[in-house]
Amino acid sequence: MYSRLRNGFRQTVKHRLASQRSYSNEVLRKKENLSKNLQVGKTIHGFLCTEIESIQEYNMTAYFLTHERTKTEYLHLERDDSNNVFSVGFRTTPLDSMGTPHILEHTVLCGSEKYPVRDPFFKMLNRSLATFMNALTGPDYTFYPFSSQNEIDYRNLQKVYLDAVFRPNLTRLDFLQEGWRLEHSNLEDKNSDLIFKGVVYNEMKGAFSETSSLFGQKFINTILPKGTYGYVSGGDPLCIPQLTHEHLKNFHATYYHPSNSRMYSYGSFPLEANLKFINEAYLSKYEYLDPKNTVVASQERWKEPRRAEMNCRVDQYGGPVEKQNQIAIGYVMSDITNIYETFTMLALAELMIIGPNSAFYKSLIEKNISGGYNSLTGYENQIRDTMFVVGLRDVETSKFETIEKIANQTLEEIYEKGFEKAHIESVLHGFELSIKHQSPKFGLNLLFNLMPLWNHNGPILNALKVNKLLGRLKENLMTPNYVKNIIEKYFIQNNHKLVMTMLPDPKFDDVFNEAESKLLKSKVSSLSANDKEAIYKEGLELSKVQKEVQNLDVLPCLKMEEIVANKTAPSLKHSVSETIPLQLCEANTNGVTYFKGILGTDSLGDSERKMLPFFNYILDKFDTKSYNYRDFDKHVSKCTSGLSAITHITEHVGQSGQYEQGILINSHCLDHNLPKMLDIWQEIFKKPNFSNSERMAMLLNNYCSSLTNGIVSSGHTYAVQAARSLISSVDECKENLLGIQHVTIMQEVQKTQKTEDIQSVIESISENVLKGNNLRAAFHYCNTNNDVHEYIDKFCKDLCNANDNQEVNRINWTDSKSMNKDNRGIHIAMNIPVNFCAKVIPTVAYTHPDYAKLRVLSVFLSSKYLHPIVREQNGAYGGRAMLSFDGIFSYYSYRDPNSKVTLDVFDETANWLTKNANLIDEQNLFESKLTIMQQMDQPIAEYMKGVDLFLYGLSYDLWKTQRERVLAVKSEDLVEVCLKYLTNDKWAAKCVIGDGGAQDLKKGDEVWQKVSGPQQ
Ligand SMILES: [Zn+2]
């Protein structure tokens, strides 16, 4: 089954703010069915098995069961994969915008009957070896998935999850904390102003200030105005304050009922134990409740196309205001349950939208009248009525009409001429390759893809049989009439079409603020004296409860002896072919060969280096001397997964202040395409051709437009990065290439430089960098790929010129220059309603014995100090500490309403720990270690084995030593390293991104500078 989770629609992801390393542990031996007892028609622990299917393409068996009493549906995918998944989900389809499902998702995690502790997921993070733990709210469903490789752990998590969803406490204080409340701006002072507060309330204010998520939300509300899609499932900040505690509880009773739930398990753990526990502990205690009120009806199709216009805030760090408009043209397509049609549409959307050979790319993007596609573009099959959208960002309003006209002509043309055969073949090849590619989180991905379909009772087992769907699609796409009919039905004759435009309004924030204060006034004026007294008391009570130390002993926890080291040294072969160092790894890659390469960029001058990310962006999008870019793209996608090039900067694991900078290139292909894939890289190295200036200008435009996307959603990463750049020149370099500074630099380039100047910089980078003797390479392949060595040798020989420098290119460490040791701060002023704060302190690098102690300390502080204070008391969405390879100890907060207080919390660390040293007991220490084990023991995808060594110089032995050191850390070590490295007399730097609460951030002798973020 195919699907893409796109960011145009809201997905709530709790807790895990830091990016996760990818993992996977697929083993593809076919095993005997584990669940031999199960047969169709047989009942087991109250569940009737209704279907058993073998899914050959994924080497697994699917079991579908229905609980007889409650009709709870259960899907089990049995597969020889140690990374087991479990999930429980509900169809949540509100008919208002109060955000009930979203607030419920938060409040069920505030404590349940058996586990009366706040935030059990966050607390379980330290008591478990989970490889994934989350709660997600979609437009019409909410689900709670986790994964783990340890069976004891898996059972522990299952208990906590099921109790949370079926038996939550949902107390009034939980509702006030997570949903919304009125509270005195000074808790102690009855006469201080009342303001709106609440975790979801603030979160949605943030989400509504992000232009692309707002457009996505309003688009879906407008094109599907009837029923649940007409509302904001996450909550409209101006509607949230209508929600009552009563309504929340009622919603839970009907929607979080077993009869409205779907459960999923995946992997190698026995199914029976799941069924037995679920039935005995929960389902057997319920009666059936017809979930008919949760059903989403298919929407009646329009007789006439419609149009709509909306406003958004001016993007201070976007392009010129007059160009900040967006347009989206959308069509409602087939019903999600029609799996073959949705499968076909995915392929058609790719043919129509993606890459230089697609019709819309040629007609719209290459006209260079916009900043490229916007985030709504694509085929959306996550909701009942699927839809196709093509949209552009950064366009002038005067171009709207032209764009519509071109879009219509493009569809007419597709209708007349169909698609080119070679183009169809390359899209189908992409599908085939992605079925073989054993992506990380396989069981979770299947769940994410199946959930929307299952939510509307679609045929999920058939959707898993992709080969069958693909076979039929291959035949149909090659039949011109078939394509013609589909285009006619879904586009030419389709009246359920919406053209929506979005224009920036300088008064946008004022409008919201006014509405908010009007709402506040009306709420406050309707309060009786008694209400006011209650609010005052509840405010104090909530604050008291938030500060209470909770008894976590009720939560299950793994024990030290249950942690088993599961990794062995990868079998790597190292050799040198010509001047190219090779790292070869034979692995279980399922018929796919993977290539990775690092190209050093040490030789570049400053003007070239700052353009490096742009160079990476265009590397696979240009002509070569033998192909024009369209033919090249066709060729590339017919034989490979596509090419990727990204900026690579890595710190030395043993030496602070040393780093490597370069370009990481990679691609993969079906085994038999290896020679072709290597030829393609050869072509890029030897025959680049950047002379097409029109294309250069257009790609620069699109690149700059894409840069400001996502600044707000990863603000904490940018804040840490900017703070780091004040204490390390490695990070100064990173800031220029990957940080907010890069956005500013590129905006300057776009404004001031001529295309031919940019071209000559790009050519110079290409001459300097794209050379065989500048490369080191890694390959992962199966033992069935017999000729792999021969091809790799030929590749190396062809790349290396005899008369070039014959030195072998190992990791090339660069010394950083020393920095001025003032305590500095940077306030990056940006027009966003929340802040991101960071503080960084240099300590010791990975191989130093103190590193493991600091690492444990960072986890301990995150869960026992920062999370309770910065999130639970101070109202930020998150707050954490972490440690990088080179030993920069970083604190950060995420979506923070009060930066000054948060920075003080960071500064108070050593004092707090000294006073609370008794908190570092055996259990808490163990929990901190367990969190680190989670990261270190993550399953690794076959194609990622040994990659840490290749990329960062981090060997298995170093990893093993680190693991032993972490497990050996003692309580007193934490206080010791805290006082040694983190006291306030140590050199540090800070950063705040946002309006800073308009506070003076400077403290003591700190030197602060204020800069404006990326400019108009
Ligand atoms: Zn949320």
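Restricting to segment 896-915, name every residue that is without any contact (Cβ under 8 Å) to a residue 40 or more places away in the chain and more than 27 Å from MET830 (Cβ to Cβ).
ASN911, LYS915
Taking the condition buried (at least 21 other Cβ atoms within 10 Å of the Cβ) and more than 30 Å from GLY539 (Cβ to Cβ), does ASN150 pass?
Judged against the criteria, ASN150 is a match.
What are the residue pairs meeting all of these: first residue in segment 702-731, first residue basic (Lys, Arg), second residue crowded, with 22+ Cβ neighbours inside 10 Å, Cβ atoms under 6 Å, and 6 or more apart or on different chains?
Every condition considered, the pairs that remain are ARG724/ASP731; ARG724/VAL840; ARG724/ILE888.
In segment 116-139, how many residues are in a loop (DSSP other than H, G, I, E, B) and either at pLDDT 95 or above or within 16 Å of the ligand (Cβ to nearest atom) (or both)?
So the count comes out to 6.
Kindly indicate the residue of segment 220-242 that is within 14 Å of the ligand (Cβ to nearest atom) and of a type in the set (A, V, I, L, M) and also nearest to ASN898 (Cα to Cα) among those meeting that condition.
Among them, the one singled out is ILE240.
Quick test for you: out of SER766, SER713, pick the one residue that is farther than 22 Å from CYS800 by Cβ and surrounded by fewer than 21 Cβ atoms within 10 Å (Cβ to Cβ).
Going through SER766, SER713 in turn, just one is farther than 22 Å from CYS800 by Cβ and surrounded by fewer than 21 Cβ atoms within 10 Å (Cβ to Cβ): SER713.
Would you point out which residue out of ASP973, ASP985 is modelled with pLDDT under 90 and of a type in the set (Asp, Glu)?
Answer to the selection: ASP985.
Charged (D, E, K, R), over 20 Å from ASN260 (Cα atoms), within 16 Å of the ligand (Cβ to nearest atom) and surrounded by fewer than 24 Cβ atoms within 10 Å (Cβ to Cβ), is that true of ASP80?
Considered against the rule, which asks whether it is charged (D, E, K, R), over 20 Å from ASN260 (Cα atoms), within 16 Å of the ligand (Cβ to nearest atom) and surrounded by fewer than 24 Cβ atoms within 10 Å (Cβ to Cβ), ASP80 comes out as no.
Determine, yes or no, whether LEU469 is touching a residue at least 12 places away in the same chain (Cβ under 8 Å), over 30 Å from MET345 (Cβ atoms), touching a Phe, Trp or Tyr at 6+ places or on another chain (Cβ under 9 Å) and of a type outside the set (Asp, Glu).
So LEU469 fails the test.
So which residues in segment 744-759 are among the β-branched types (Val, Ile, Thr) and farther than 12 Å from SER607 by Cα, if there are any at all?
Residues satisfying the conditions are THR744, THR752, THR755.
Can you pull out every residue in segment 87-114 that is away from the ligand (no atom under 11 Å from the Cβ), in a helix (DSSP H, G or I) and under 13 Å from PHE143 (Cβ atoms)?
Hit for segment 87-114 is VAL108, nothing else.
If you check ALA778, ALA719, which single one turns out to be in contact with a Phe, Trp or Tyr (Cβ under 8 Å, 6 or more places away or on another chain) and not in a helix (DSSP H, G or I)?
Result of the check over ALA778, ALA719: ALA778.
Please determine whether any residue of segment 282-301 is among the acidic types (Asp, Glu) and part of a helix (DSSP H, G or I).
No, there is no match, as no residue in segment 282-301 is among the acidic types (Asp, Glu) and part of a helix (DSSP H, G or I).
Can you name the helices (runs of 4 or more DSSP H) wholly within segment 913-1016 that have at least 1 residues being under 30 Å from PRO570 (Cα atoms)?
In segment 913-1016, the matching helices (runs of 4 or more DSSP H) lie at 922-936, 947-952, 956-968.
If you check THR650 against the conditions, is it over 30 Å from THR961 (Cβ atoms) and in contact with a strand residue (DSSP E or B) (Cβ under 8 Å, 6 or more places away or on another chain)?
Answer is no for this residue.
Every residue, every condition in (1) surrounded by fewer than 12 Cβ atoms within 10 Å (Cβ to Cβ); (2) under 30 Å from GLU872 (Cβ atoms); (3) touching a residue at least 24 places away in the same chain (Cβ under 8 Å), yes or no:
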{"residue": "LEU477", "(1), (2), (3)": "no, no, yes"}
{"residue": "VAL483", "(1), (2), (3)": "no, no, yes"}
{"residue": "ILE486", "(1), (2), (3)": "no, no, yes"}
{"residue": "ASP505", "(1), (2), (3)": "no, no, yes"}
{"residue": "SER525", "(1), (2), (3)": "yes, no, no"}
{"residue": "TYR536", "(1), (2), (3)": "no, yes, yes"}
{"residue": "LEU540", "(1), (2), (3)": "no, yes, yes"}
{"residue": "PRO556", "(1), (2), (3)": "no, yes, yes"}
{"residue": "MET560", "(1), (2), (3)": "yes, yes, yes"}
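Give the number of residues within segment 182-211 that are within 16 Å of the ligand (Cβ to nearest atom) and charged (D, E, K, R).
4
Check off (1) in a helix (DSSP H, G or I); (2) more than 16 Å from the ligand (Cβ to nearest atom) for GLN217 and give me the number that stays unchecked.
Condition not satisfied by GLN217: (2).
Of the numbered conditions (1) in contact (Cβ under 8 Å) with a residue 12 or more places away in the chain; (2) within 30 Å of ASP896 (Cβ to Cβ), ASP985 satisfies every one except a single condition; which is it?
Among (1) in contact (Cβ under 8 Å) with a residue 12 or more places away in the chain; (2) within 30 Å of ASP896 (Cβ to Cβ), ASP985 violates only (1).
Pick out the one residue from LEU498, LEU473 that is in the same structural domain as ALA407 (by the TED database) and either part of a helix (DSSP H, G or I) or in contact with a Leu (Cβ under 8 Å, 6 or more places away or on another chain) (or both).
LEU473
Mind counting the residues in segment 258-281 that are in contact with a helix residue (DSSP H, G or I) (Cβ under 9 Å, 6 or more places away or on another chain), in a helix (DSSP H, G or I) and under 16 Å from PHE166 (Cβ atoms)?
7
The values are calculated or read from the model by the stated rules, or taken from the named source; none is laboratory data. Being a predicted model, the structure only gives us computed values, none of them experimental. Backbone-built Cβ (ideal geometry, glycine too); neighbour counts: all protein chains shown.
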